[in-house]
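All remarks here apply to the structure that follows.
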Amino acid sequence: MAWQENGLVFPSRIGTPYEPDNLRRSWDPVRKRLGLDLRFRDLRHTCITLLLDLGVPVHIVQQIAGHSDHGVTMQVYAYASLDEQRKALGRLEDRLG
């Protein structure tokens, strides 16, 4: 088949989206070749966590993640980093002090 340009970051050999099963099968050899100790799902978790940490609105992250409800996104992925906790407590201290 001829190359099909779809603007994908990780296309199949012909430029189309990976089928989920093919993507999972191909991840293990890539991971081993790069010396990574990551499950494919860890990449998804990292992406969603970073998007939330960057302040991307939850409804946008929800759509990227394919969650049916933003509550799922927040329940599974949203946890305050130590830095965020310090900033929040600093703002509270400023308000009260």
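Laboratory data are not the source of any read-out in this text; all were calculated from the coordinates shown. Computed from a predicted structure; not experimentally measured. A quick note on method: Cβ atoms are made from the backbone with ideal geometry, for glycine too, and the neighbour counts reach across all protein chains shown.
The ranking of Val61, Val72 from fewest to most other beta carbons within 10 Å of each one's beta carbon is Val72, Val61.
For the pair Leu8 and Asp37 in one chain, pulling the backbone fully straight at 0.36 nm per residue adds 8.0 nm over the alpha carbon distance. Both radii are taken from the alpha-carbon atoms of the range 36-97; with Rh as the Kirkwood radius, Rg/Rh is 1.10. Against the empirical curve 2.2 N^0.38 Å, the C-alpha radius of gyration of the range 1-73 lands at a ratio of 1.31.
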